[in-house]
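The values are calculated or read from the model by the stated rules, or taken from the named source; none is laboratory data. These figures come from a predicted structure and were not determined experimentally. Cβ placement follows ideal geometry from the backbone for every residue including glycine, while neighbour counts extend to all protein chains displayed. Surface areas here come from the heavy atoms of the whole protein model, side chains and all, with no ligands, DNA or RNA. Shrake-Rupley method; radii C 1.70, N 1.55, O 1.52, S 1.80 Å.
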Amino acid sequence: MQEVVRWFLLAVLSFMIVGGKLALAVDTGAMLKAMADPAGAPFFPVVMQVLQVLTWALHILFVYTSIGGLFFAIYGFTRRDENWQKLSRATIELSKVSVSLAIVLGVAPLLFYQVIYDPLWYSSANLSAWWYIMFIVFLLIGYYFIWGAYLTKDKPTISMFMSILGIIFLLLVGFIIHVVNYQSLYPEKWVEWYTSGGTTMNTSGWNIYAFNIFRYLSFLVFPSVAVTGIFLMLYNWYFRSREDMDKEYLDWAGKVGARFALYAGAGWIVAHILYVLTIPADWGAKGSVFTWLTLLGLLLVAGVVFVSQKNPAKMAIPSLVSGVVAILLIAIFREYLRVASTARFGYSIYNYKMNLEFLSPLLFFGTLLTGLVLYAYAWWMAYQAGKTPKGKVYEASETEHHLGDASVFVVILWAIVFIGVGLIVIARNYA
């Protein structure tokens, strides 16, 4: 019986494809609406959309320094210059820390995306299901190689080999995420992909159906080098006040960072323009204000970095600000593309059925506030401690001690609320 149903569905899907693009486009809209979660959205979609943009921007920032740090490390290990060897060891440590932060911060945007774009997410993920499962495996392997590079950083040949393997796996992970997200933008092709044009059902999950090299370069590769270059400018600025740091080395690192940021920034702009040119005309993206704002943001970064060439330390903070603005605009543009790709079929997340449930949003925002307080304190103390010369201990002020006490109190309060809510839910479910 199951086999009969399967072939019947295949025949229907084949008829849809043969029926022509117009019929398929009309059915695509109905398909998207039918695939949406019947329970609706637990909170206002626009709020989750904004949070998705903000959390993705924060996540991708550390993705960039993860990959960019390895790029600089590998290049540095090929040079015999002592400054490059020293910089390689520093950027490997940057990559190690950044991967951890990228993983933790990558959960939130994924969850928001999953809630408000569930037809896009699940359909594309199922089309390339095995690849998507392997993304976790490849990420872990890459992470272990980065740790291997870090632990052997005093042995340049071994560390470089580990770094090369690490960056290969990170770029492979980026490739998989790119494919899954890119395939989701073309719902009108899902049926054709899934049935090979109406001839069979592709249930293996090993197929890659869509890839755009310009999107991959502009969203991942070039910005990784550019953003890490700006980080090296900050590296120069931050450690200059320490008496135990080599000022000549820091100035050299800042200039290297500024130079690479400029070159990679130029590649970023070119790749972005080429990607925009490949976007289908019916999306209306080429003349969109979001597209132009993104291009202006990239030009802003390039302009500030260009001015920074003479004095990277002085221009480190303006470069950071311009980089953050550009990444935020890229995040907004990325979200706009999802809206534009689905709007062609009359599908909009703003038309989602509302099933307001205030407890979960309150718990989320409470957790967010707790995290902001805790991490603001931790990062501030790390910032101050990092400026203290090696061998000395930073002595916190009375205000900082009070902030530390407040951070501990907030975390304990959050734990009580979090566990308490869980116990209440369990009790109500089994009462």
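Solvent-accessible area assigned to carbon and sulfur over the chain amounts to 72 percent, based on a 1.4 Å probe. Residues 81, 118, 282, sorted by accessible area with the largest first, give 282, 81, 118 [1.4 Å probe; ligands and nucleic acids excluded].
Accessible area per residue for segment 194-270 is 42 Å², calculated with a 1.4 Å probe on protein heavy atoms, without ligands, DNA or RNA.
Figure the gain on full extension for residue 247 and residue 402 (residue separation times 0.36 nm, minus the Cα-Cα span) and round it to one decimal in nm. The partial results should precede the final answer.
On the way: separation 155, 0.36 × 155 = 55.80 nm, distance 3.49 nm.
Fully extending the segment from residue 247 to residue 402 adds 52.3 nm.
For 189, 310, 387, 392, give the ranking by accessible area with the largest first, probe 1.4 Å.
Working: 189 80, 310 190, 387 50, 392 135 Å².
Reading off the accessible areas and sorting them downward yields 310, 392, 189, 387.
Expressed in Å, the radius of gyration and Dmax of the Cα atoms of segment 296-369 are 19.4, 56. Once the chain from residue 206 to residue 375 is taken as fully extended at 0.36 nm per residue, the excess over their C-alpha distance is 56.8 nm. Here is how the number arises for the chain: DSSP H runs of 4 or more residues each give -39500 (n - 2.57), the sum is divided by the residue count, and the result at 222 nm is -26500 deg cm²/dmol.
Applying 0.36 nm per residue to the separation of residue 263 and residue 344 and subtracting their alpha-carbon distance, the gain on full extension is 25.5 nm. Of 295, 368, 111, the residue with the greatest mean-square motion in the GNM of the chain, using alpha carbon springs below 10 Å, is 368.
Over its Cα atoms, what ratio of radius of gyration to 2.2 N^0.38 Å does the chain give? In units of the globular-protein estimate, the chain measures up at 1.11.
Hey, can you rank 420-427, 209-216 by average C-beta count inside 10 Å, highest first?
Working: 420-427: 10.9, 209-216: 17.2.
Packing order, densest peptide first, comes out as 209-216, 420-427.
Looking at the chain as a GNM with Cα springs under 10 Å, which of 182, 150, 75 has the largest mean-square fluctuation? Comparing 182, 150, 75 in a Gaussian network model of the chain, the most mobile one is 75. Mean-square fluctuations from a GNM of the chain, with a 10 angstrom spring cutoff on Cα atoms, peak among 401, 178, 59 at 401.
Once the mean 1/r over all distinct Cα pairs of segment 157-216 is inverted, what Kirkwood radius in angstroms do you read off?
Working: mean 1/r = 0.0738 Å⁻¹.
Radius from the Kirkwood sum: 13.6 Å.
Across 228, 203, the residue with the most accessible area heads the list, and the full order at a 1.4 Å probe is 203, 228.
Using a simple spin-label model with pseudo-atoms 7 Å out from Cα toward Cβ, residue 296 and residue 168 lie 4.4 nm apart. Taking a point 7 angstrom from the Cα of residue 270 along the C-beta vector, which residues in segment 216-233 have backbone N less than 14 Å away? Counting backbone N atoms under 14 Å from the label point, the list is 217-218, 222-223.
Rolling a 1.4 Å probe over the protein heavy atoms gives segment 81-184 an accessible area of 42 Å² per residue. Sequence-distant contacts, meaning Cα pairs under 8 Å at least 6 residues apart, place the relative contact order of the chain at 19 percent. Taken per residue, the accessible surface of segment 353-431 reaches 78 Å², heavy atoms only and a 1.4 Å probe. In the complete set of protein chains, residue-level accessible area for residue 61 is approximately 50 Å², probe 1.4 angstrom. Short to long, the 5 Å bins of the Cα pair-distance histogram for segment 295-428 hold 2, 8, 9, 9, 10, 13, 14, 13, 11, 6, 3, 1, 0, 0 percent of all pairs. Karplus-derived 3J(HN,Hα) values for segment 260-272, using 6.51 cos²θ - 1.76 cosθ + 1.60 with θ = phi - 60°, are 5, 4, 5, 5, 5, x, 5, x, 4, 5, 4, 4, 5 Hz; glycine and proline are entered as x.
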